[in-house]
Structures are given as structure tokens and as C-alpha cells.
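Engineer: Starting off with a structure, shown below.
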There are 2 protein chains.
Amino acid sequence: MSSRQSVDWIALDADDTLWHNERNFTAVQSRFRELLRPYHSDEWIDERLYATEMRNLAHFGYGIKGFTLSMIETAVELSEGRITGREIAVLLDMGKEMLATPVEVLPGVEEAVKELAADGYALMVITKGDLFDQETKVARSGLGPLFRHVEVVSEKREADYARILERYNIAPERFLMVGNSVKSDILPVLALGGRAVHIPYEITWAHEHVAEDVRHERFARLDSISELPAYVGSLGG
Amino acid sequence: MSSRQSVDWIALDADDTLWHNERNFTAVQSRFRELLRPYHSDEWIDERLYATEMRNLAHFGYGIKGFTLSMIETAVELSEGRITGREIAVLLDMGKEMLATPVEVLPGVEEAVKELAADGYALMVITKGDLFDQETKVARSGLGPLFRHVEVVSEKREADYARILERYNIAPERFLMVGNSVKSDILPVLALGGRAVHIPYEITWAHEHVAEDVRHERFARLDSISELPAYVGSLGG
């Protein structure tokens, strides 16, 4: 396999690659802190919420519904049961607001995706999270018709990517994954023999942090998705 | 297209077709009633919970996480905010228990599915609900290796089935769907030109009720999944 083999499939992560996401969680989490400020310090609230989220990942998977349930659980725990029904209702509303937050496509995304589609690349979305929520976000973004497939997966491990490539009969060397998470979008795809492009977002959720830097002949880091069409073109065919 | 054209793909619904599901909701709902009995009558509690679920479907989609959030919302509403943190914690635990409930495969399912696989049919699961929850149920059921694909969809309308058939390049006349919901498993597949088999379950969720009976040359109703291999064999090829 040549490292300059032609790429014809490009998959893009959704949250914080196509549109803003993490900052919606950050904003809600700051309102959550305010609600619990009568009981605890900000640091302790953040720490306990994150611990609850991690503990519940095995029950809930990723997504806003699980996050809302984890906020409620943390609120009950940190208030030692003194949280009121009215405050719980506020948390439920915060979850629903997040689900209904307008999808704000990141700068340059629409142009880059249209250019890639016009250049003849087959495009898909590969994203974690709640199936229902992610599907409505693709629809609300207006980008849906540019993608041949939307794959919502419960995890982004090497085996999850392998299953998608098998489903669409795509050889790894023809596949490029683009995303903001080194852990979820880059490392598993490189391990599989595919190409990967990292486009960092302003905030990275603690759970997606990885320590090491990536050095690989099939890897690149770009500052903006606007650079993607030129980068892909430079790969040759 | 002959109505006796050979079927080679068989898709099965999961909840209440492969394993018990609705009775888990029913059991939790009766504990929910007990919790709110100090405030309201059983009938009113059921009615308000169902109304909350329906209202939230557009936010949450199907599944246990959304159901748990709807229970919490209903409890706050019906107690006029007097529900305690401790009682909310009980509801959260009920949700987690549901997610962890052992998967109880229905009688005859394992034998029927194995027989169909041995007869050379390509099998898949098509199910609504939370992606993460449904995937772990397939894994926990032990039936996973018998299925070529597991499709978790946010809705089961005609367009959703059409997308799956297109994805795997399956002509509708070669496709048979098996399930317990006339609304979700039968009518959309018949409309698409496929075959459908209804195997009723002991309980049908109100949301899945349809009024009319089905009469169609590509439709059958069976009492048990044990009858499925013989029925499929009788379709000829």
C-alpha cells in the first residue's frame, strides 16, 4: 500500500468539527454550578459531575439525555437530597434547551464540504451521541444532502470504524477521517490503515484528551477546515 | 413482481420480538404509580406520564433514557414540585435498573433464528430506541453473531426502511420484516413492496396501537416465532 494511494471517501466527525457543540455543554455546566453554589464550591461541583458522567457512561452512552440524567443525579447527591422539585425542573429544561439549541455550523464548513462534494469525493458523517439527536442536527444543519451516509455510533474504536468500512466496502487506504478528537477521530483510523486529519476545536472535553502528540505519515493537523480541500487535493491519486 | 418471489433477507424487530421489553416498562410504571400515590390516582398518573412521553418524543426519541427523564418530569409536575431529592434518586435508579435488566430472549427465538441462519437466509435486526442500549442488548442476548447487521433507527417509517434496503442493495420483494408492531414493523414494509410477518406480543404500548386489521397478500400473522422457518420455507423461491 502506497502512502500516496488515492482517497475517495472522506468522513467527518460532527460535534465541534461541523458545528459548535462542547461550548453548549460548557454553558449549561456553568448554570448547573450556579444552581448548586449554595451547597458546594465550583471545583467540587465540576469534579463530581464529571465523575458521575464517567460512572454513567456504561449505562447511558454519550449524548445530551445521559448528560441531563447525570446532572440530576449529581444535584441530588451534592445537595444530599435537599434539591427541590422546582430545581430539578430547571435541569430538565436545560437538557431540553440543549436538544433544541440551533445548530451553528462552524466557519468555512459549508464551503469546504461543498467543494469536496463538487470534487467528486464521497462524504459521510461519523459521530457519537444519541441517534435521534444527531440525526436531527444533521437535518437542521442544512448539510444533510451533501453526505451520502450518516453513521451514528456508540463508540469510535478501531472496530467501529472497521465495521463501517466493511459495510460500504471501502479499503482503508481510500478512507480519510476528519475530526477534532485525536482519541476518537485520529488514532483508531490510523491504526486501521486509513488517513486522518485533526482540526482542533477551541475546547476539548476532558474525556477526549490524549497525552501524546501524533506523528504519522498518513496524518495531518490543519488549523481550519478551509484548508481541507487543498490538503486532500495534494494527496494525489 | 411475483408475490411468490424468493425472500433472502429477513429482518427482525428486537424489543418484544426477540426479547421481553414492554413488561419491563410496565413493571417500572407500577413502581412509579406507588411513588406518586400520595398525590394522585393511578389513572391520572398513567395519563400524565403518557402525555409527557408523547410531548417529549420530539426532544428525546424512543428509549429508556427519555422515559426516565419523562418520569422525573411527570413526578415534579404531579407533586407540584414537592417531590424530594431522595424520590428523584429512586427514579434515576429505576432507569438504570431498566438499562441493566438482563435480556430475556423470548421462547423459541434462539431456535428459529438459528434455523433461518442455517437455511441460508441473511438476517438483520432493525430496532428503534437508544443506540447504545440496543447494541448492548443484542450483545447481551447472545444472538449477535447470527445477524449480519444491526440497524438502530430513530423511526420506522417507510423512508427509514427504504434507506436500509438501499444501503444493502436489497430489492423489496426479497425482504421480509418480522415484528410485533403493526404500525412500525408491518405497514411501512408492505407499502414499500416487501413482505411482513406480525407476531403479536402480550402487551402493546399505546403509542404503537393501530386500529385496522391488515389484509395483504404479502402479509401473515403467526402465533409464535417457532412457526417462522416453516412459513418462510412455504414462500417458495
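Engineer: How many residues does the range B:80-91 hold that are assigned to a helix (DSSP H, G or I), at the interface with chain A (Cβ under 7 Å from one of its Cβ atoms) and not aliphatic (A, V, I, L, M)?
Structural biologist: If we filter the range B:80-91 for residues that are assigned to a helix (DSSP H, G or I), which is where we start, we get B:85-91.
Cutting the leftovers down to at the interface with chain A (Cβ under 7 Å from one of its Cβ atoms) gives us B:85-86, B:88-89.
Next, only the ones that are not aliphatic (A, V, I, L, M) stay: B:85-86.
Number satisfying all stated conditions: 2.
Engineer: For the range B:67-79, name all the residues that are at the interface with chain A (Cβ under 9 Å from one of its Cβ atoms) and free of Cβ contacts under 8 Å to residues at least 24 places away in the same chain.
Structural biologist: Taking the range B:67-79 as the starting set, the residues that turn out to be at the interface with chain A (Cβ under 9 Å from one of its Cβ atoms) are B:68-69, B:72-73, B:75-77, B:79.
Those that are at the interface with chain A (Cβ under 9 Å from one of its Cβ atoms) and free of Cβ contacts under 8 Å to residues at least 24 places away in the same chain: B:69, B:72, B:73, B:76.
Engineer: Could you go through the range A:111-126 and let me know if any residue there is of a type in the set (Ser, Thr, Tyr) and within 12 Å of chain B (Cβ to nearest Cβ). Give the derivation first.
Structural biologist: Residues of the range A:111-126 that are of a type in the set (Ser, Thr, Tyr), as a first pass: A:121.
Checking the rest, the ones that are also within 12 Å of chain B (Cβ to nearest Cβ) come to none.
The answer is no; no qualifying residue exists.
Engineer: Take the range A:99-120 and flag every residue that is at pLDDT 95 or above, under 20 Å from the mean Cα position of the chain (by Cα) and among the aliphatic types (A, V, I, L, M).
Structural biologist: Listed by number, the residues that qualify are A:103, A:105, A:106, A:109, A:112, A:113.
Engineer: Hey, another quick one. If I ask for residues that are assigned to a helix (DSSP H, G or I) and in contact (Cβ under 8 Å) with a residue 60 or more places away in the chain, which ones from the range A:126-139 would you list?
Structural biologist: Filtering the range A:126-139 down to residues assigned to a helix (DSSP H, G or I) leaves A:131-139.
Correct list: A:133, A:134, A:137, A:138.
Engineer: When you scan the range B:143-164, how many residues do you find that are small (Gly, Ala, Ser) and closer than 15 Å to residue B:12 by Cα? Walk me through it before giving the result.
Structural biologist: Going residue by residue through the range B:143-164, those that are small (Gly, Ala, Ser) are B:144, B:154, B:159, B:162.
Restricting the remaining residues to those that are closer than 15 Å to residue B:12 by Cα gives B:144.
Qualifying residue count for the region: 1.
Engineer: Go through the range B:34-93 and count every residue that is in contact with a strand residue (DSSP E or B) (Cβ under 6 Å, 6 or more places away or on another chain) and more than 30 Å from residue B:156 (Cα to Cα). Reasoning before the result, please.
Structural biologist: Applying the first criterion (in contact with a strand residue (DSSP E or B) (Cβ under 6 Å, 6 or more places away or on another chain)) to the range B:34-93 yields B:62.
Then drop every residue that is not more than 30 Å from residue B:156 (Cα to Cα), which leaves none.
Of the residues in that region, 0 qualify.
Engineer: Residue under question is residue A:68, and the condition is that it be buried (at least 21 other Cβ atoms within 10 Å of the Cβ), among the β-branched types (Val, Ile, Thr), modelled with pLDDT of 95 or more and within 19 Å of the chain's Cα centre (by Cα); does it hold? Full working, then the answer.
Structural biologist: Values: buried (at least 21 other Cβ atoms within 10 Å of the Cβ): yes; among the β-branched types (Val, Ile, Thr): yes; modelled with pLDDT of 95 or more: yes; within 19 Å of the chain's Cα centre (by Cα): yes.
Yes; evaluated as a whole, the condition is true for this residue.
Engineer: State whether the residues of the range B:140-152 include one that is touching a residue at least 60 places away in the same chain (Cβ under 8 Å), more than 11 Å from every other protein chain (Cβ to nearest Cβ) and assigned to a helix (DSSP H, G or I).
Structural biologist: Yes: one or more hits.
Engineer: Filter the range A:97-116 down to the residues that are of a type outside the set (Val, Ile, Thr) and buried (at least 18 other Cβ atoms within 10 Å of the Cβ), then identify the one that is farthest from residue A:19 (Cα to Cα).
Structural biologist: Per the stated criteria, the residue is A:116.
Engineer: Looking only at residues that are buried (at least 16 other Cβ atoms within 10 Å of the Cβ), in contact with a helix residue (DSSP H, G or I) (Cβ under 9 Å, 6 or more places away or on another chain) and not aliphatic (A, V, I, L, M) in the range B:136-154, which one is farthest from residue B:111 (Cα to Cα)?
Structural biologist: For the range B:136-154, the residue satisfying everything is B:154.
Engineer: Tell me which of these residue A:163 doesn't satisfy, since it passes every other one: (1) in a helix (DSSP H, G or I); (2) of a type outside the set (A, V, I, L, M, F, W, C); (3) surrounded by 19 or more Cβ atoms within 10 Å (Cβ to Cβ).
Structural biologist: Of everything listed in (1) in a helix (DSSP H, G or I); (2) of a type outside the set (A, V, I, L, M, F, W, C); (3) surrounded by 19 or more Cβ atoms within 10 Å (Cβ to Cβ), residue A:163 misses just condition (3).
The rows are residues; the columns are (1) crowded, with 17+ Cβ neighbours inside 10 Å; (2) assigned to a helix (DSSP H, G or I).
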| position | (1), (2) |
| --- | --- |
| A:170 | yes, no |
| A:178 | yes, no |
| A:187 | yes, yes |
| A:226 | no, yes |
| A:236 | no, no |
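Engineer: Provide a single number: the residues in the range B:193-219 that are at pLDDT 95 or above, touching a strand residue (DSSP E or B) at 6+ places or on another chain (Cβ under 8 Å) and not charged (D, E, K, R).
Structural biologist: Of the residues in the range B:193-219, 6 are at pLDDT 95 or above, touching a strand residue (DSSP E or B) at 6+ places or on another chain (Cβ under 8 Å) and not charged (D, E, K, R).
Engineer: Still on this model: Out of the range B:14-63, which residues are part of a strand (DSSP E or B) and either in contact with a Leu (Cβ under 8 Å, 6 or more places away or on another chain) or within 14 Å of chain A (Cβ to nearest Cβ) (or both)?
Structural biologist: Taking the range B:14-63 as the starting set, the residues that turn out to be part of a strand (DSSP E or B) are B:15, B:19.
Result: B:19, single match.
Engineer: Another question, if that's okay. Pull up the range B:121-136, narrow it to residues that are over 16 Å from residue B:185 (Cβ atoms) and touching an Asp or Glu at 6+ places or on another chain (Cβ under 8 Å), then point me to the one that is modelled with the lowest pLDDT. Please lay out each step first, then the result.
Structural biologist: Quick first cut of the range B:121-136, residues over 16 Å from residue B:185 (Cβ atoms) only: B:121-122, B:130-133, B:135-136.
Add one more test, that the residue is touching an Asp or Glu at 6+ places or on another chain (Cβ under 8 Å), and what stays is B:121-122, B:130-131.
Values: B:121: 97, B:122: 97, B:130: 86, B:131: 89.
So the residue we want is B:130.
Engineer: Tell me yes or no: at least one residue of the range B:166-185 is touching a residue at least 40 places away in the same chain (Cβ under 8 Å), at negative phi and within 14 Å of another protein chain (Cβ to nearest Cβ).
Structural biologist: yes
Engineer: Report, by residue number, each residue of the range B:92-104 that is in contact with a helix residue (DSSP H, G or I) (Cβ under 6 Å, 6 or more places away or on another chain) and facing another protein chain (nearest Cβ under 9 Å).
Structural biologist: Keep residues of the range B:92-104 that are in contact with a helix residue (DSSP H, G or I) (Cβ under 6 Å, 6 or more places away or on another chain), which gives B:92, B:94-96, B:98-99, B:101, B:103.
Hits for the range B:92-104 are B:92, B:95, B:96, B:99.
The values are calculated or read from the model by the stated rules, or taken from the named source; none is laboratory data. A quick note: this is a predicted structure, and the numbers were derived from the prediction, not measured. So basically every Cβ, Gly included, is an ideal-geometry build from the backbone, and we count neighbours across all protein chains shown.
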